[in-house]
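The values are calculated or read from the model by the stated rules, or taken from the named source; none is laboratory data. A quick note: this is a predicted structure, and the numbers were derived from the prediction, not measured. Backbone-built Cβ (ideal geometry, glycine too); neighbour counts: all protein chains shown. These accessible areas exclude ligands, DNA and RNA; they are computed on the full protein's heavy atoms, side chains included. Shrake-Rupley method; radii C 1.70, N 1.55, O 1.52, S 1.80 Å.
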Amino acid sequence: LHAATEYNSISFYVDGDTVSGFHYELIEAFARDKGLQVQVSPVMSFNQRLEGLANGTYDVVAYGIPATSELKDSLLLTSPIILSKQVLVQRKVGENDSLAIRSQLDLAGKTLNVVKGSPSILRIQNLGNEIGDTIYIKEIDKYGSEQLISMVAHGDIDYAVCDESIARAAADSIPQIDINTAISFTQFYSWAVSKQSPALLDSLNTWLDKFQKEKEYQKIYKKYYDKE
């Protein structure tokens, strides 16, 4: 089983000779229960993960994908795996600083940096329509969410948009970032398989529905999402 994910401290990371991560542990447990070998590849670009799924390089994208109607047109999404939302990452500045974003209305005319092909692009475009102004989007090809967060912290860019769980994990070690402005509402995130793989989707869903009720799942979830 070939799986693609993103390299970050929630999904998949290498620490010494140990591989960890919520999505990594989950796909490993699935493979183990099904008697499969799994090969997990960290792919930073969202588009590349989807392309790999389309051309058969990967069987599954084991990474949280928001269940939007646009993505449902081109992919088969599994049962929900986590609840999350997209947040704005900015530096902590004074209330009256012109860089401070306190509400979505303040985003008018600003440039938000996102991982290339990220599902948050569509959400930002819709947000621009909702506030009746242009929000500029810069897609970054070479970096994942955590690198974008570091770039904000170091002052290389002013704003990034990423998944709340990744932003929270980063905020623990980078106190100068502010992640309090939501870009999207809380929604379900799923894994994806290609439209050509309904049998794999069935197998994943049946397994997820059962596994999510087990102690092992609770333990994995707690490790990455309930660190408080």
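Those residues that are without any contact (Cβ under 8 Å) to a residue 40 or more places away in the chain, of a type outside the set (A, V, I, L, M) and open to solvent by less than 60 Å² (accessible area, probe 1.4 Å), I need them from segment 121-173; list them, please.
G128, S150, listed by residue number.
What are the residues in segment 192-228 that are open to solvent by less than 60 Å² (accessible area, probe 1.4 Å) and of a type in the set (F, W, Y), if any?
Of everything in segment 192-228, those that are open to solvent by less than 60 Å² (accessible area, probe 1.4 Å) and of a type in the set (F, W, Y) turn out to be W207, F211, Y217, Y224, Y225.
Per-residue answers, yes or no, for (1) in a strand (DSSP E or B); (2) open to solvent by less than 30 Å² (accessible area, probe 1.4 Å); (3) closer than 17 Å to S165 by Cβ; (4) modelled with pLDDT of 90 or more:
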residue	(1), (2), (3), (4)
V14	yes, no, no, yes
Y24	no, no, yes, yes
D33	no, no, no, yes
Y63	yes, yes, yes, yes
E70	no, no, no, no
S79	no, yes, no, yes
V87	yes, yes, yes, yes
S98	no, no, no, no
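Name every residue in segment 2-37 that is of a type in the set (K, R) and touching a Ser or Thr at 6+ places or on another chain (Cβ under 8 Å), in order of residue number. Give the derivation first.
Going through segment 2-37, the residues of a type in the set (K, R) turn out to be 32, 34.
Across segment 2-37, the qualifying residue is only K34.
Can you tell me which residue among V19, V43 is crowded, with 20+ Cβ neighbours inside 10 Å and of a type in the set (A, V, I, L, M)?
On the way: V19 fails: crowded, with 20+ Cβ neighbours inside 10 Å.
Answer to the selection: V43.
Which condition breaks for A108 when tested against (1) within 21 Å of D156 (Cα to Cα); (2) surrounded by 12 or more Cβ atoms within 10 Å (Cβ to Cβ); (3) in contact with a strand residue (DSSP E or B) (Cβ under 9 Å, 6 or more places away or on another chain)?
Going through (1) within 21 Å of D156 (Cα to Cα); (2) surrounded by 12 or more Cβ atoms within 10 Å (Cβ to Cβ); (3) in contact with a strand residue (DSSP E or B) (Cβ under 9 Å, 6 or more places away or on another chain) one by one, A108 breaks only (3).
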